[in-house]
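Asks: Pasting a structure below so you can have a look.
The values are calculated or read from the model by the stated rules, or taken from the named source; none is laboratory data. Predicted model only: the values in this text are computed from it and were never measured. Cβ placement follows ideal geometry from the backbone for every residue including glycine, while neighbour counts extend to all protein chains displayed. Protein only, heavy atoms only, side chains kept; ligands, DNA and RNA dropped before computing areas. Shrake-Rupley method; radii C 1.70, N 1.55, O 1.52, S 1.80 Å.
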Amino acid sequence: QVQVVESGGGFAQPGGSLRLSCVASGTDSIYNYYWYREVPGKGRDFVALVARHGVTNYADAVLGRFTISGDFSKNTAYLQMNSLKSEDTAVYYCKVVVHALGDFWGQGTQVTVSP
């Protein structure tokens, strides 16, 4: 059974930084890591992607401020969030894409950006 666990959320002031972690267990065949975020009533939005072969992609709203990285040998991905804004406040979810098994989501971690 594949399990995905996020951590690292919390409170930050505008302009501050947080680093989220995503750890997957139960598989050694992860293709991609994704980060999404969700604000109540607004749906879940794509934030960033890192593929096993190194390609990354970002939503326009976070480009230049967030950095995604992946250590596929450790089944771990990170989202470094700098220059945080109040509009970054959301629950952040990690999704892993596993060969032959599909997508698996974590339970989410809350990020709150407030003065």
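Asks: Quick one: Karplus J couplings for the stretch 48-58, per residue in order, coefficients 6.51, -1.76, 1.60, θ = phi - 60°, nearest Hz, x for Gly and Pro?
Replies: 7, 9, 10, 9, 4, 7, x, 5, 10, 8, 9
Asks: A further question on this structure: Under a Cβ-Cβ cut-off of 14 Å, what is the net charge of the residues other than SER73 that fall near it, where Lys and Arg count +1 and Asp and Glu count -1? Mind showing how you got there, number by number?
Replies: Numbers: positive: ARG52, LYS74; negative: ASP28, ASP71.
Summing Lys and Arg as +1 and Asp and Glu as -1 gives 0.
Asks: Assigning unit charges at the beta carbon (Lys, Arg +1; Asp, Glu -1) and nothing else, what dipole magnitude in debye, to the nearest 20, does the chain show about its Cα centre?
Replies: Working: 9 positive and 9 negative charges, 19 e Å.
In debye, rounded to 20, the chain gives about 100.
Asks: Counting only Cα, what are the radius of gyration and maximum Cα-Cα distance Dmax of the chain, in Å?
Replies: Spelled out, the Cα radius of gyration and Dmax of the chain are 13.4, 45 Å.
Asks: Now for a different question. Taking 8 Å as the Cα distance limit and 6 or more residues as the minimum spacing, I'd like the relative contact order of the chain as a percentage. Please report the intermediate quantities before stating the final value.
Replies: On the way: 288 pairs, mean separation 42.9, N = 115.
RCO, the chain: 37 percent.
Asks: Still on this model: Tally Lys and Arg at +1 and Asp and Glu at -1 over the other residues with C-beta under 11 Å from the C-beta of ALA12: what net charge comes out?
Replies: Numbers: positive: ARG19, LYS85; negative: ASP88.
Net local charge, ALA12 excluded: +1.
Asks: When the dipole is taken about the Cα centre of the stretch 29-91, and only Lys, Arg (+1) and Asp, Glu (-1) are charged at their Cβ, what size is it in debye, to the nearest 20? Intermediate results must be reported in sequence, preceding the final value.
Replies: Details: 7 positive and 6 negative charges, 21 e Å.
So the magnitude is around 100 debye.
Asks: Continuing with the same structure: Taking only protein heavy atoms into account and a 1.4 Å probe, give the accessible area per residue of the stretch 41-115 in Å². Kindly include the intermediate steps, with their values, before the conclusion.
Replies: Working: 3830 Å² over 75 residues.
Result: 51 Å² of accessible area for each residue.
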